[in-house]
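Data first, discussion second: the structure below is written as structure tokens.
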Amino acid sequence: MVANIRSGSSPGGALRYNKEKVDKDEAEVLFWQKMLEPFDRYGRMDVNAYMESFIRV
């Protein structure tokens, strides 16, 4: 799956959309770069956790 990300106030919408697809086994995370670990200790995607990847330090 290739995400078509349009501009918005935050990347959260795109991340939640992708999470829904992964949860339904309609998509999978193939690769991420410069992002915090997107999975919790149970192997589920955690949108709030990896939204922190977008916070400026």
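Every number here is computed from the coordinates shown, using simple stated rules; none is lab data. In this text, all values refer to a predicted model and were calculated from it rather than measured experimentally.
Backbone geometry of region 25-35 corresponds, through the Karplus equation with coefficients 6.51, -1.76 and 1.60 at θ = phi - 60°, to 3J(HN,Hα) couplings of 6, 9, 7, 8, 7, 8, 6, 9, 9, 6, 10 Hz, x marking Gly and Pro.
Using equal-weight Cα scatterers in the Debye expression, the normalised intensity of region 12-54 in log10 at q = 0.19, 0.34 Å⁻¹ is -0.52, -1.43.
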